[in-house]
Structures are given as structure tokens and as C-alpha cells.
Amino acid sequence: MADESLPRRRTGGRSAVVLASIRKAVEELIAERGSDAITVPMVAERAGVNHSSIYRRWGDARTMINDLATYRLDPDRGLPDTGDLRADLAAWGQEMVSHYSVPVNAALLRGGAAAAGESESDCLRDRRAEAAGFAARPGSTCTGDDVIDHLVAPIIYRAIFLPWTLPDVDPRVYVDELCDRSDRSG
């Protein structure tokens, strides 16, 4: 007989297993059909969950894709912090290049940006916060917007519009331009 004093685990909705199956379904469907063709019923069927679980959590497919695009580049992960700002920015840039060189990740980024419409996407909000953190480090002569404009934007532009060129991107070039520009204006 089971111990009645232990709390029962909820098996649907927000459980880690259900979320993982939804994420996997979204990634597979985006890889197969593109983000514009994804619907909640499609995802529910592929994930083997009730569509009401998805609607309850996200409301619609665009919001779900935006949220999952943000999940893919975890804002709670540790950022490079060796004490060498240029090296740390280059490592962060390389992380983005590597991440968005995976086709489904670039597709999720495009889908998240499209879902955000005229609003700032969750992914961009997270990159802004990270850029501000780098700009606030001792010895930095750049602003968070400088980091976005000169390091993040060129990488994201390529991920969205020219994804096949990402493997050739060397973030150190962007970082050198960013730091040299900031040193001249600071």
C-alpha cells in the first residue's frame, strides 16, 4: 500500500516531462515546417499532451515559440568571467554563434522574434541584460547598447537572415571593433 502522507505528484501541465515533450515537439515541427506553420494542436499531438495544457501555459503558438526560443539560450547560465573583458565578450559571442549555428535554434530565434512583433522578444531582453552586465564590469568603456549594437546585432542578423554564414563568424573581430571604438570615444 502506498504511503498516503506523501504528496501526490501532478502528472500533467507543468511537469518537467510534459514541458520537455512540448519543447521537443516544437523543435521538430519548426525544423520540418518552419515556425509560421506551427499550431498548438499540431504541437499537442506531436508531444502527446492535451492542447488545453499548452493553451493554459502559453495562450497561443506565437507566445509558446517565443518562450521556448528564450529557453534555448538559458538566461540563468553563467557568463564568461575570467577578468579579461575582451576574452569574456569573445567567448559570449562564440556561445551565440555556436548556439545559432544549429538550424532549429536559428528557427526558434526567428519564430521568437516574429512572435514578439513590435515588442522586445524575451530573447532580446535577456541578451540586453547580459550586455549590460558586461558593460558594468570594471574597466569597461562601453555601454550595454554598444555591446548589443556591435557584438550581438551582427550575430543575430546573420542567425535570422544569413544562417549559413554563421560558421565563418569570428566574434573576436566584433569585440575588437567594439572595444577599440569604445576606447576612442571614452
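The values are calculated or read from the model by the stated rules, or taken from the named source; none is laboratory data. Please read all numbers here as calculations on a predicted model, not as lab measurements. Cβ atoms come from the backbone with ideal geometry, glycine included; neighbour counts cover every protein chain shown. What goes into the accessible areas is simple: the full protein's heavy atoms, side chains included, and nothing from ligands, DNA or RNA. Shrake-Rupley method; radii C 1.70, N 1.55, O 1.52, S 1.80 Å.
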Please report, in Å, the Rg and the Dmax of the stretch 107-186, where both are computed over Cα atoms only. 13.6, 38
What is the calculated FRET efficiency for Glu45 to Ser119, with r their C-beta to C-beta distance and R₀ = 35 Å, to the nearest 0.05? 0.75
Length gained, Trp164-Glu32, 0.36 nm per residue minus C-alpha separation, equals 45.8 nm
So, for the chain, what is the accessible surface per residue at a probe of 1.4 Å, expressed in square angstrom? 56
Please give the helix 61-72 orientation as an angle from the longest Cα principal axis of the chain, in degrees from 0 to 90, rounded to the nearest 10. 60
Taking θ as phi - 60°, what are the ³J(HN,Hα) couplings along the stretch 42-58 by the Karplus curve (6.51, -1.76, 1.60), each to the nearest whole Hz, with x for Gly and Pro? 4, 5, 4, 4, 5, 7, x, 10, 6, 4, 5, 5, 6, 4, 5, 7, 10
Using R₀ = 25 Å, calculate the FRET efficiency as 1/(1 + (r/R₀)^6) where r is the Cβ-Cβ separation of Arg57 and Val104; round to 0.05. 0.75
Nearest-0.05 FRET efficiency for Thr141 and Leu79, computed from C-beta distance (R0 25 Å): 0.85
